[in-house]
Amino acid sequence: MSIEFRPQIQDLVAYKPGKPIDDVKKEYGLDRVIKLASNENPLGCSENANNAIQDALSHLHIYPDGNSTNLKAAIADKFNIKPSQILPSSGSDEMVDQISKTFIQEGDEVIMADITFPRYISTCKMMGGIPVIVPLLNHTYDLAGMKEKITDKTRMIWLCNPNNPTGTMFTTDILEDFLASVPKDIVIIYDEAYREFVTRKDYPQNSLRYLEKYPNLIVMRTFSKAYGLAALRVGFTIASEEIIDHINRIRGPFNVNTLAQVAAIAALDDDAFIEKIYSVNKEGKEFFYHNFDELGLEYAPSETNHVLVDVKRDAQEIFVELQKRGVIVRPIYGTFIRVSVGTMEENTIFVNNLKDVL
Ligand SMILES: Cc1ncc(COP(=O)(O)O)c(C=O)c1O
């Protein structure tokens, strides 16, 4: 007799994180390695968050507040919504998993783009759902194409705006048309992990205003990117009270740790930090574009903190060559790599090494 595993997880592949900086240093005998591979914040996080963590360090023996009460209150206050419509999570990664567990039954169809954030598809398969893939058009979400794929088996639709890894966005008009045309029994999840970096005016800056009209909408945000708290694992989701109540039933009792809660509250208050990272990021992207143009490389103009660029050579090969020179980026597919925006010094090191490699 042998143990049995659920068939739904048989062909899933474990997430492969990039090599840690220290391993790359050791492997290639390098003193300095820069990582522009995970869309992290090159400025760190708000000093307020650091201070809040220091203060909380004396409470590590106490369980976190399982309700994240103060964090919910801070988010509610900042965005003018009810605490009962908010659910903090251990990064939005955890929320992708919880949303899939809350809604997907065997055989349900889940519409998603390709390429987009990979956890949408893996959690769908994990639940026995059927991913319905709609390719990007010109590196951008094809919402009309997604609408065409709706059947009476469609349970959920994942939207990522702006998108990872392409950095592209769709406009307020396109989102509003889409929301209005999707049947109300289909759950639409709107992942805004990179919203703070968007520069275009036609981006739906205030997605929360759609929640009242569309009770089938779930909005996901994270503290990992612009707020620079990736290591702490904290994000939050906003939806109707009914949806939040149901997701909350399957949540682990202490899913957001104490340091994450206090740091997120402090970070929310520091608008100056967000303004600074916005400018540093915008300047970094313009620097990349200028250099890619000079090198004759095509790229997707990005509304995030990363740029997808066609290096016209095998992406894996370029990735290895850059790594040997102390720069970690992310090979995406074919000849495309994704590079996160760093400090100007890091951006310059990347560009110089890319020129060298090419
Ligand atoms: C689009 C998108 N959603 C969600 C996440 C998960 O972020 P976190 O779990 O750190 O909040 C990421 C991380 O890269 C992302 O790119």
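Since every read-out is calculated from the coordinates, none of them should be taken as a lab result. Predicted model only: the values in this text are computed from it and were never measured. Cβ sites come from the backbone with ideal geometry, for glycine too, and all protein chains shown count toward neighbours.
Among Ile81, Ile247, Ile3, Ile277, a tally of other beta-carbon atoms within 10 Å of each Cβ gives an order, fewest to most, of Ile3, Ile81, Ile247, Ile277.
For the pair Ala76 and Glu286, label points projected 7 Å from Cα toward Cβ lie 4.1 nm apart.
Here Lys184, Lys149, Lys35 are placed in order of increasing Cβ neighbour count within 10 Å, fewest first, which gives Lys184, Lys149, Lys35. Taking only the Cα atoms of the chain, the radius of gyration and Dmax are 20.6, 64 Å. Answer rounded, prolate or oblate for the range 162-257, using the Cα gyration tensor with square roots of eigenvalues a ≥ b ≥ c: rounded when a/c is under 1.5, else prolate when a/b is larger than b/c, else oblate. In terms of gyration-tensor shape, oblate.
Taking the chain as a Gaussian network, where each spring joins two C-alpha atoms under 10 Å apart, which residue of Ile328, Ile21, Ile111 fluctuates the most? Answer for the Gaussian network model of the chain: Ile21. Sparse packing (at most 14 other Cβ atoms within 10 Å of the Cβ) combined with a DSSP loop state is found for the following GluC sites (Glu not before Pro) in the range 170-243: Glu212.
Of the residues Phe287, Phe5, the one with the fewest other Cβ atoms within 10 Å heads the list, and the complete ranking is Phe5, Phe287. Taking Ile115, Ile62, Ile186 in turn, the Gaussian network model of the chain (Cα-Cα springs below 10 Å) assigns the largest fluctuation to Ile62. Working from label points 7 Å from Cα in the Cα-to-Cβ sense, the Ile3 to Thr171 distance is 5.4 nm. Dipole size of the range 47-268 about its Cα centre, with +1 on Lys/Arg Cβ and -1 on Asp/Glu Cβ: approximately 180 debye, rounded to the nearest 20. Cα centroids of the range 208-266 and the range 93-133: how far apart, whole angstrom? Comparing the Cα centres of the range 208-266 and the range 93-133, I get a distance of 18 Å.
FRET efficiency for the pair Glu345 and Asp152, taken as 1/(1 + (r/R0)^6) with r the Cβ-Cβ distance and R0 = 56 Å, rounds to 0.55. Dividing the alpha-carbon radius of gyration of the range 209-358 by the rule-of-thumb value 2.2 N^0.38 Å gives 1.31.
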